[in-house]
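S.K.: I'd like to ask some things about the structure below.
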Amino acid sequence: MPELMISISRPKRWDEPFGSAMTPADVARLLQIEPFCGMNPGEFLPQIPLAGLLLNDTRIVRYKAGDIIVREGDYGNSAFMILGGQVRVALESLRGELLGRTTLPRGGWLNAIAQLWKPQTPPEARPRLPSGSSGAAPIARRQVDDQTHVFLQDVPRVLDETRTAILGAGEFFGELAAMSRTPRTATAFADGDAELLEIRWQGLRDLMRRAPALRKHLERLYRENSLEAHLRETPLLKSLPAADLEHVVAATVFESYGNFDWNTQFEKTRLLDPLEQIAREPIVAEEGQAPTGLLLIRSGFGRVCQRHGAGHRTVAYLGKGHVFGAEELSATARSGEPVHWHYSLRALGYLDVLRIPVEVFCKWIAPHLSQEMIADETDTQHPEPWHAGKPAATALHERTLDFLTDHRFINGTQTMLIDLDRCTRCDDCVQACAATHDGNPRFIRQGPVHDRFMVAHACMHCVDPVCMIGCPTGAIHRDPTTGILRINDQTCIGCATCAKSCPYQNIQMVEIRDQSGAFIFDEQTQQPILKATKCDLCADQPTGPACQRACPHEALVRIDMLAVDGVKQWLGR
């Protein structure tokens, strides 16, 4: 019997345009103004022409006075150019309630004990607000075109309390966070009616590649405002004289590898054979090749691997703040001859790096480094020694490393690990979570299993929280003090953007009820109102996560996966 075959068109980059309302007339208008009118269409690839890029990777967004455009602390994947009107940028941090967030102080012991006698409430019960009420928060929502905008209700008071700067037509903002997926550094809101061009990161990347003037402009802003401070935070560079650091700043190269939207393909890629998965990962530095520079990880994750038979084996993983190649470049500086990479570095999904060229390292950095500094950097930044030979005794087993990297669990700062040899399936952890959250557990005691441990379906409070991208109200946010990812129930509109974006399926949408147990319906659509829920690490409890505290066999832990020594110590008990 012949095999049944189905032919489909290969997916294309612009199958889903960024702005469905963009028209050729909008593109023609953009091509008449700077910086686009100064770009040479011939510099763009035929399959990604300038006009097509503007049509598919940008959208025109209109804002009313007080509308919040970006919030400090949020993660974004787009930059903005002002087409008309003005935008105010807050030079000081705004209060959390102005950004759709809540401040939740940790409760005391009396509150924790009082929960034991608290009357049981219906599942997912919420206080019902009066019809049309938006609560006590000093922000509100409105529809502009087909988008939900959050706006400040008392702009004059904000301006009285906060120093701001004004940006006008033609100016860019948000490009640094867009290209490196780092938190927004300031809050921006419309100063009167404003029209902005929003450019998603793919389009911004290609514009910078093909339009040298734009790339130089944006890189100059980053060098002037952020790069020196970033380099000073690197232990190897802390002791550099200011004059020498200026040479390093001037020569540093920005590079990005992999897919910025890695979470959209996550389910498909993790089902691949491990060797095939590694082979598909972009190579940043290749084992056996001469080094091109010291690599500083700015965002994302990298897999350090070594040739092994017909494939590669994982020996380490690196994240933000880590350095790759310090030992090879130091040896190169001492000998005057290139010392080749001992390992390969590959992008895990997406990797953003700063590259300091070899000659700059040898001339301006190496003279200030001692062997002790190199050794300290190696020990503190990497779970593996950067020399040939067998893996260190403190390293995780390579199969465990492959499991953690292939599933991208290294993203978690509070990943839930369960030791299945110790776990008796008593479900005390689930019951404790439910008791702390009004009868509604915020995690599922299930998940991928490796050897004798399981990674449960519980929010990992990720280093790279893709769930935060696209939340229209700022309801899902990272607590600036604790780093915990939280959801403000009052400003969550149930759009499910965060739940769909989470690659680990750790955010659930639930139908909410009032205190009597009746489902709460939207008065316009008559559909049940949904809210996003997930683990909040029991942020209001004095003892921290109830799940871990309740386990009678010490079978459960919440752990930072980048703290490799701690992970190995727990697994090797």
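S.K.: What figure, in Å² to the nearest 10, do you get for the accessible area of Trp570 with a 1.4 Å probe and non-protein molecules left out?
M.R.: Around 30 Å² of this residue is reachable by solvent.
S.K.: Something else now. Go through segment 165-173 residue by residue and turn each phi into a ³J(HN,Hα) via Karplus (6.51, -1.76, 1.60, θ = phi - 60°); whole Hz please, and just put x for glycine and proline.
M.R.: Values, residue by residue: 10, 9, 10, x, 4, x, 8, 9, 7 Hz.
S.K.: What is the Cα convex hull volume of segment 199-253 when expressed per residue in Å³?
M.R.: On the way: hull volume 5.2 nm³, N = 55.
Considering the Cα atoms of segment 199-253, their hull volume per residue is 94 Å³.
S.K.: OK, next. Compute the accessible area per residue over the chain, keeping the other protein chains in place, probe 1.4 Å, unit Å². Walk me through the intermediate numbers first.
M.R.: Details: 27290 Å² over 573 residues.
Counting only protein heavy atoms, the per-residue value for the chain is 48 Å².
S.K.: Also, quick follow-up: Once R0 is set to 41 Å, what does the formula 1/(1 + (r/R0)^6) return for the Cβ-Cβ distance between Lys500 and His308, expressed as a FRET efficiency to the nearest 0.05?
M.R.: Numbers: r = 37 Å, r/R0 = 0.90.
With a Förster radius of 41 Å, E is 0.65.
S.K.: Also, I was wondering about something else. By accessible area of protein heavy atoms, probe 1.4 Å, what ranking do Cys362, Cys502 get, highest first? Before the final figure, lay out each step's value.
M.R.: Numbers: Cys362 45, Cys502 20 Å².
Reading off the accessible areas and sorting them downward yields Cys362, Cys502.
S.K.: Quote the FRET efficiency, to the nearest 0.05, computed for Lys268 versus Trp14 with a Förster distance R0 of 25 Å and r equal to the Cβ-Cβ distance.
M.R.: On the way: r = 20 Å, r/R0 = 0.79.
With R0 = 25 Å, the Cβ-Cβ based efficiency is 0.80.
S.K.: In addition: For segment 295-309 and segment 237-288, compute the distance between their C-alpha centroids and round to whole Å.
M.R.: Measuring centre to centre over Cα atoms gives 7 Å.
S.K.: Another one. Residue farthest toward the positive end of the dipole of the chain, with Cβ of Lys/Arg at +1 and Asp/Glu at -1: which of Thr491, His397, Phe18?
M.R.: Value: Thr491.
S.K.: On to the next question. Each residue of segment 15-32 in turn: what ³J(HN,Hα) in whole Hz from Karplus with 6.51, -1.76, 1.60 and θ = phi - 60°, glycine and Pro shown as x?
M.R.: Karplus values, whole Hz, x for Gly and Pro: 4, 10, x, 5, x, 5, 8, 5, 10, x, 5, 5, 5, 4, 5, 5, 5, 9.
S.K.: Taking a ≥ b ≥ c as the square roots of the eigenvalues of the Cα gyration tensor of segment 277-347, is the shape rounded (a/c under 1.5), prolate (a/b larger than b/c) or oblate? Intermediate results must be reported in sequence, preceding the final value.
M.R.: Working: a/c = 2.35, a/b = 1.31, b/c = 1.80.
Cα axes put segment 277-347 in the oblate bin.
S.K.: Quick check for me: using +1 on Lys/Arg Cβ and -1 on Asp/Glu Cβ, what's the dipole size of segment 200-244 about its Cα centre, in debye to the nearest 20?
M.R.: Values: 10 positive and 6 negative charges, 66 e Å.
I would put it at about 320 debye.
S.K.: Can you list residues from other chains, or at least 5 along the same chain, whose modelled amide H is less than 5 Å from the amide H of Val315?
M.R.: Val304, Cys305, Gln306
S.K.: Same structure again: Of Glu72, Glu175, Glu34, which has the most accessible area with a 1.4 Å probe, and how do the rest follow in descending order? Write out the running numbers ahead of the final one.
M.R.: Values: Glu72 55, Glu175 30, Glu34 120 Å².
The most accessible residue leads, giving Glu34, Glu72, Glu175.
S.K.: With a sphere of radius 12 Å drawn around the Cβ of Ala499, what net charge do the other residues whose Cβ falls strictly inside it have (Lys, Arg +1; Asp, Glu -1)? Let's see the in-between values first.
M.R.: Values: positive: Lys500, Lys531, Lys534; negative: none.
For residues surrounding Ala499, the net value is +3.
S.K.: Lys/Arg Cβ at +1, Asp/Glu Cβ at -1, dipole of segment 263-362 taken about the Cα centre: which of Val360, Leu318, Gln306 is farthest positive-ward?
M.R.: Result: Leu318, furthest along the dipole toward the positive end.
S.K.: If you don't mind, there's one more thing I want to ask. Based on DSSP H runs of at least 4 residues, each adding -39500 (n - 2.57), what is the mean residue ellipticity at 222 nm of the chain after dividing by all its residues, to the nearest 500 deg cm²/dmol?
M.R.: On the way: 18 runs with 138 residues, N = 573.
Mean residue ellipticity, 222 nm, calculated: -6500 deg cm²/dmol.
S.K.: Using a cut-off of 13 Å between beta-carbons, work out the net charge of the residues near Ser180 (Lys and Arg +1, Asp and Glu -1, Ser180 not included). Each step should come with its number before you reach the end.
M.R.: Numbers: positive: Arg181, Arg184, Arg205, Arg298, Lys320; negative: Glu175, Glu219, Glu255, Asp352, Asp464.
Residues near Ser180 contribute 0 overall.
S.K.: Using 0.36 nm per residue of separation minus the Cα-Cα distance, give me the extension gain between Val449 and Ala165 in nm, one decimal.
M.R.: Numbers: separation 284, 0.36 × 284 = 102.24 nm, distance 5.13 nm.
Length gained, Val449 through Ala165: 97.1 nm.
S.K.: May I pose another question? Run the accessible area of segment 383-525 with a 1.4 Å probe and give the carbon-and-sulfur part as a rounded percent. Each step should come with its number before you reach the end.
M.R.: Working: 3040 of 5990 Å².
About 51 percent, which is the carbon plus sulfur part of the accessible surface.
S.K.: Using the Karplus curve 6.51 cos²θ - 1.76 cosθ + 1.60 with θ = phi - 60°, what ³J(HN,Hα) values do you get for each residue of segment 336-347, in whole Hz, with x for Gly and Pro?
M.R.: Here the 3J(HN,Hα) series is x, 10, x, 9, 5, 4, 7, 9, 9, 10, 10, 7 Hz.
S.K.: Over segment 319-378, what is the relative contact order in percent, taking alpha-carbon pairs closer than 8 angstrom and at least six residues apart? Please list the in-between numbers first.
M.R.: Working: 25 pairs, mean separation 27.2, N = 60.
Rounded, it is 45 percent for segment 319-378.
S.K.: If I ignore ligands, DNA and RNA and count only protein heavy atoms, how much of His437 is accessible to a 1.4 Å probe, in Å² to the nearest 10?
M.R.: Spelled out: His437, probe radius 1.4 Å, area about 30 Å².
S.K.: Using only the Cα atoms, what convex hull volume per residue in Å³ does segment 489-573 have?
M.R.: On the way: hull volume 13.4 nm³, N = 85.
Convex hull volume per residue, Cα atoms: 158 Å³.
S.K.: Pairs Lys238/Lys568; Lys320/Lys568; Lys64/Lys534: which are spaced more than 22 Å apart, C-alpha to C-alpha? Numbers along the way, then the final one.
M.R.: Working: Lys238/Lys568 30 Å; Lys320/Lys568 20 Å; Lys64/Lys534 33 Å.
Pairs exceeding the cut-off: Lys238/Lys568; Lys64/Lys534.
S.K.: What value does the chain have for Rg/Rh, both radii from Cα atoms and Rh as Kirkwood defines it? List each step's numbers first, then the result.
M.R.: On the way: Rg = 25.5 Å, Rh = 26.2 Å.
Using only Cα positions, Rg/Rh for the chain is 0.97.
S.K.: Heavy atoms of the protein only, probe of 1.4 Å, neighbouring chains included. What is the accessible area of Tyr257 in Å², nearest 10?
M.R.: Estimated to the nearest 10 Å², Tyr257 gives 50 Å².
S.K.: Moving to a separate point now. Leaving ligands, DNA and RNA out of it, rank Arg232, Arg184 by accessible area with a 1.4 Å probe, largest first.
M.R.: Arg232, Arg184
S.K.: Using amide H atoms built in the peptide plane, which far-off residues or other-chain residues are under 5 Å from Asn488 H to H?
M.R.: Distant-sequence amide H within range of Asn488: Ile476, His477.
S.K.: Hey, another quick one. Give me the dipole magnitude in Debye, nearest 20, for the chain about the Cα centre, with unit charges on the beta carbon: positive for Lys and Arg, negative for Asp and Glu.
M.R.: On the way: 61 positive and 70 negative charges, 127 e Å.
The calculation lands at about 620 debye.
The values are calculated or read from the model by the stated rules, or taken from the named source; none is laboratory data. Treat the numbers as computed from the prediction; the structure is a model and nothing was measured. As a convention, Cβ positions derive from the backbone with ideal geometry for all residues, glycine included, and neighbour counts pool all protein chains shown. These area figures cover heavy atoms from the full protein model, side chains too; ligands, DNA and RNA do not enter into them. Shrake-Rupley method; radii C 1.70, N 1.55, O 1.52, S 1.80 Å.
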